[in-house]
Amino acid sequence: MLAGRGGDEAPPPVAPKAATQIDTVDVLVAKSDIALGQSVSQQDLQWQIWPVSAASPAFVRRGDKPDAIEQLAGAIARAPFVAGEPIREAKLIKANGSGYMAAVLDKGMRAVSTEISPETGAGGFILPNDRVDVILSRRDRDAEKTGGTETQVSETIFTNIRVLAIDQLLGEKDGQKVVIGKTATLELTPRQAEQLALSRQLGTLSLALRSLADAGDVALPQTEDERNAGRRVGINTVRFGISTVTTPK
């Protein structure tokens, strides 16, 4: 009887585990999508709770800058944001009356435009913020003098160049994925800008769209034959019957 009574007794209650407390912080995020070159308003930003362990030091925190929404209103986005993405001040800049193109340019860089067509612009599949290689196709006057026949050569003069705009479009418009434009604006160094201006006089420029997988590479690996066949851009000048090729350094 005693054994039976002991079996009928209910087991002691299990004490609930204490809930783990997660330290949080208010982080400034994009309330809606923000396009490249867009002027940010207060309605585009909001505070959102984030775990402290997942909050990067580059994020804008409410404890450090409680009036960040008011301070950043009117800034121009140098890179696009998606809704819910934390705001980083490095991707915003105060224009102070300057145009949006000057605002989205990196320090020391230049915006240079060049004519394109569906044939020379990857069929219209190049969009702003893509990375491209610039290819020059021209007649090789020196080879023609030696061989006596018309010779065409192509060479990659720039690699991994950022496209700032197609015509006057800085980003996708109304969900449009293909932009057939006549002008591409590229982000170049001052020296590259000079070389591009020279190359336009020498032949036809084409843009080769780079894959996202190698967009961060300065140049793709070349074979020995490709390196030996590489040519530099130059101007052939004839003076007093003497031909001289001037090549920018």
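The values are calculated or read from the model by the stated rules, or taken from the named source; none is laboratory data. Owing to the predicted nature of the structure, the values given are computational and were not obtained by experimental measurement. All Cβ positions, glycine included, derive from the backbone under ideal geometry; neighbour counts span all protein chains shown.
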### Summary
All conditions in (1) modelled with pLDDT of 85 or more; (2) over 23 Å from the mean Cα position of the chain (by Cα); (3) within 28 Å of residue 186 (Cβ to Cβ) are true of residue 97 except (1)
#### Entry: Residue tally, condition surrounded by fewer than 17 Cβ atoms within 10 Å (Cβ to Cβ) and in contact with a Phe, Trp or Tyr (Cβ under 8 Å, 6 or more places away or on another chain), over region 64-90
1
### Task
May I ask you to list pairs of residues, at least six apart or on different chains, whose Cβ atoms are under 6 Å apart, with the first in region 26-41 being over 9 Å from residue 83 (Cβ atoms) and free of Cβ contacts under 8 Å to residues at least 40 places away in the same chain and the second being part of a loop (DSSP other than H, G, I, E, B) and not hydroxyl-bearing (Ser, Thr, Tyr)?
26/62; 41/73
#### Entry: region 186-200 residues that are in a helix (DSSP H, G or I), paired with ones that are surrounded by fewer than 16 Cβ atoms within 10 Å (Cβ to Cβ) and β-branched (Val, Ile, Thr) (beta carbon under 8 Å, 6 or more apart)
198/235
